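Nothing in this text is a laboratory measurement; each read-out follows from the coordinates by a stated rule. Computed from a predicted structure; not experimentally measured. Quick reminder, even Gly has a Cβ in these numbers, built from the backbone with ideal geometry, and neighbours come from all protein chains shown.
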Amino acid sequence: MSSYADKVPGSYGEILAKQLNVRPNQVDATIRLLDEGNTVPFISRYRKEMTGTLDDEQVRIIADELTRLRGLDERRATILASIEEQGKLTDDLRQDINAAVTLTTLEDLYAPYKPKRRTRASIAREKGLEGLADHILKQTLTRRALEDIVKESYLSEQVPTVEDALQGARDIVAETISDHAAVRQTTREKALKFALLTAEKVEDAVDEKRVYESYYAFECRVDRLQPHQILALNRGEKEGMLKIHIQIGERDWRTTVEYSFEADILSPFVDELILAENDAAERLLLPAIERDVRRELGEKANGHAINVFATNLRALLSLPPLAGHVTLGIDPGFRTGSKVAVVDPTGKLLDTATIYPHEPKNDWTGALKVLEDMVNRHRVTLITIGNGTASRETEKLVAELTRGAESIKYLIVNEAGASVYSASALARQEFPDLDVTIRGAVSIARRAQDPLAELVKIDPKSIGVGLYQHDVDQTALSHALDGVVESVVNNVGVDVNTASPALLTHVAGVGPKLATRIVAYRDANGMFRLRADLRQVSGLGPKAFEQAAGFLRIRAGNDPLDSSAIHPESYPIARLVLERAGLSPATPVNERKPALDALLARIPLEKLAAELNCGVPTLKDIFEQLVRPGRDPRTDTPVPILRSDVLKVEDLAPGLTLKGTVRNVVDFGAFVDIGVKHDGLLHRTQIPFGTVLKVGDIIDVEILKIEPERSRVSLGWRSPGSSTGLVFVRGLIPR
């Protein structure tokens, strides 16, 4: 099939290179690698010489845009074939279609030729009025009276009167004007700049919580609408609360129409053209443009919301693990009790219980006794509490338990998706004999130990760190979030001897079926001792091994290099580097750096790469991995705030400064956990210009305003180390 890249100067490489501001040969190489079946993580990590060190995000954009461009070419071919079949494909039209770079432009060009249901224009054509319509469009000059022309040639049994004929001809002209590609494109461009969006409350709608009060009488130019406003308006309309209109000024369509369909005052058909133009605008063009504007606004808001969700999810998955803790997880509840689970530092379940400290049983003393017994028996060092219903009430219970105990701290974790996991097939497979409610407590306990390993078991859309996530295109959202999970998992690396099938699924080249087979092989044959042993897994062929091997770690195996991110294909080079430095793979890691630094002091990296027949980027990565094999990038991020006492809203006062954890980042600011029941809002106006916050960041904030009746706390930004007259609440932050 011929493509856009074949018909215009350049290629896909040049098209995407301009978009990414990189060299075309970098994109061309990436496209070849993708077409050969290589994954995004593998290309960005182990084919740097070929791509010119394009990173994961750039390679993923190329992959997505390549799919879009090829889909565009498929549509282009369909349109060309359709018009050619109709016998209407001219050289100029073919050239315009081949030059189109967006689907909207393609569809504009196709509009006049696209098969339609019966319209007023098609009925008029059936009555033989197309010739009269041509006179109106061409503004034919003649001295004959309009009525005489019509009577002579266009009246029939189906068209009994002159007005019937003129009306039918105007219908054809109106459709022709509305379908004109340049008219549509220019009117759309002006509407996207100057049109006014208005919203009003549906008269009989009941908005009990006044969620959409800001939009009861709302108007804004469409180019000034914020993504969160668009999403809120769309949701309000969908729920039957709001009516939305797009107002396109007359000058924004009339000048465009008149430029392409110029009226001639000397023609007897001039009044008919003007009438047809007005009809085209009111009946066909403006409704179509309004739909286009709404669609483009929706796509813009969708893209933004998906990006916000993806950014927040990446930060959440990248939170550092709290390793080495025996952890007690609590899934809080009222009537059905709070579920408790204890897991060892590897996540293995040790004990479970159900306590009833809250209404209706109010067994506070009994609950404390159960928790104290479990803490002492299993030597628990960390307690995690889900942040859902009854979380802050449960925090008071835990604070009483841990108060004064230096060896144990607690942490409130985001429990979003825990119930989804509890009822999943994976949870049933992990804990077939465990009650579904207890499984949630296990998940809550493990989320602190290794957030990534636990959260990958849950559909990313259920994790809840987005903006209007249920209103956006779910297919596009899933694609973006799956990309984030894949990126983070492969960036961190996976221990093949401890990883769950859910985690292994996201390793480059693996997938669900192969992940299950890897775990089954491990269960049947014991721990993997070498990466090469993975080849024994059924279905894990040479290509899958090539893609996955570098991201799978084997700790304490037979080859020390297997614990690093060095790909097996580069082991010969890594061993030569160690040999040149007077080391071996068995040399303890903490003894390698001086010798490797001395090697680079003697031989520059570029020269050494040439001697070893290795690319400089790959050799640089090998040196880094030899010094810090399998380094977990999550260790570079701040650990969560651990608490040992509860903070109440009554303890807050304007001016008080606290440390908080960013829980969610949205258009209008960030929600920050400061240790009270509801997260505080740090409005975007309070965030210093240029500061980019992400989920999991630990920041200093100041209490600006407290509204207990609305459960709202407004926060301000405090720079670390600033003088504040701060009084720390006892036990809030271990120091």
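With runs of 4+ DSSP H residues as the only contributors, calculate the mean residue ellipticity of the chain at 222 nm using -39,500 (n - 2.57) per run, divided by the residue total and rounded to the nearest 500.
Working: 31 runs with 345 residues, N = 735.
Roughly -14500 deg cm²/dmol at 222 nm, from the helical runs in the chain.
Say the dipole of the chain comes from +1 at the beta carbon of Lys and Arg and -1 at that of Asp and Glu; which of His378, Thr176, Gly615 then lies farthest toward its positive end?
Result: His378, furthest along the dipole toward the positive end.
Of the listed values (1) 33.1, 107; (2) 32.5, 116; (3) 34.3, 113, grab the one calculated as Rg and Dmax of the Cα atoms in Å from the structure here.
It is the one labelled (1).
Can you give the charge dipole size of the chain about its Cα centre, rounded to the nearest 20 debye, using +1 on the beta carbon of Lys and Arg and -1 on the beta carbon of Asp and Glu? Before the final figure, lay out the partial values.
On the way: 95 positive and 106 negative charges, 579 e Å.
The dipole of the chain has a size of about 2780 debye.
Across the stretch 365-523, how many lysine pairs, 8 or more apart or on two chains, come within less than 23 Å at their alpha-carbon atoms? Before the final figure, lay out each step's value.
Numbers: Lys369/Lys396; Lys369/Lys409; Lys396/Lys409; Lys457/Lys513; Lys461/Lys513.
The number of close lysine pairs in the stretch 365-523 is 5.
Along the charge dipole of the chain, pointing to its positive end and built from +1/-1 on Cβ of Lys, Arg, Asp and Glu, which listed residue (Leu600, Phe668, Val159) has its Cα farthest out?
Comparing the listed Cα positions along the dipole, Leu600 ranks first.
Each residue of the stretch 252-260 in turn: what ³J(HN,Hα) in whole Hz from Karplus with 6.51, -1.76, 1.60 and θ = phi - 60°, glycine and Pro shown as x?
Residue by residue, the stretch 252-260 yields 7, 10, 5, 4, 5, 5, 5, 5, 8 Hz.
Please work out the FRET efficiency for the pair Glu203 and Arg251, using the Cβ-Cβ distance as r and a Förster radius of 30 Å; give the result to the nearest 0.05.
Details: r = 32 Å, r/R0 = 1.07.
Once rounded, the FRET efficiency stands at 0.40.
Express as a percent, rounded to the nearest 5, the fraction of DSSP beta bridges in the chain (both residues included) that run antiparallel.
Details: 43 of 56 bridges.
Bridges in the chain are about 75 percent antiparallel.
As I understand it, the value is the acute angle between the Cα axis of helix 436-449 and the longest principal axis of the Cα atoms of the chain; what does it come to in degrees, rounded to 10?
Approximately 80 degrees, to the nearest 10.
Once you charge only the Cβ atoms, +1 for Lys and Arg and -1 for Asp and Glu, what is the size of the charge dipole of the stretch 649-717 about its Cα centre, to the nearest 20 debye? Kindly include the intermediate steps, with their values, before the conclusion.
On the way: 8 positive and 10 negative charges, 35 e Å.
Dipole about the Cα centre, nearest 20: 180 debye.
On a full-extension model of 0.36 nm per residue, what is the gain between Asn590 and Thr119, subtracting their alpha-carbon distance, rounded to one decimal in nm? Intermediate results must be reported in sequence, preceding the final value.
Numbers: separation 471, 0.36 × 471 = 169.56 nm, distance 7.91 nm.
Full extension from Asn590 to Thr119 adds 161.6 nm.
What's the magnitude of the charge dipole for the stretch 299-420 around its Cα centre, counting Lys and Arg as +1 and Asp and Glu as -1 at the beta-carbon? Answer in Debye, nearest 20.
Details: 13 positive and 13 negative charges, 29 e Å.
So the dipole magnitude of the stretch 299-420 works out to roughly 140 debye.
Residue separation times 0.36 nm, minus the C-alpha to C-alpha distance between Arg684 and Glu569: what's the value? Write down the numbers at each step before the final one.
Working: separation 115, 0.36 × 115 = 41.40 nm, distance 4.79 nm.
Value of the extension gain: 36.6 nm.
Measure nothing but the geometry: give the 0 to 90° angle between the long axis through the Cα atoms of 571-580 and the longest principal axis through the Cα atoms of the chain, rounded to 10°.
Helix 571-580 sits at roughly 50 degrees to that axis.
Would you work out which of Thr336, Ala305, Ile248 lies farthest towards the positive end of the dipole of the chain? Charges go on Cβ: Lys and Arg +1, Asp and Glu -1.
Of Thr336, Ala305, Ile248, it is Thr336.
Can you give the angle from 0 to 90° between the axis of helix 391-402 and the longest principal axis of the chain, with both taken from C-alpha atoms, to the nearest 10?
20
Could you sort the peptides 439-449, 308-318, 534-544 by per-residue average Cβ neighbour count (10 Å cutoff), highest mean leading?
Ranking the peptides 439-449, 308-318, 534-544 by packing returns 439-449, 308-318, 534-544.
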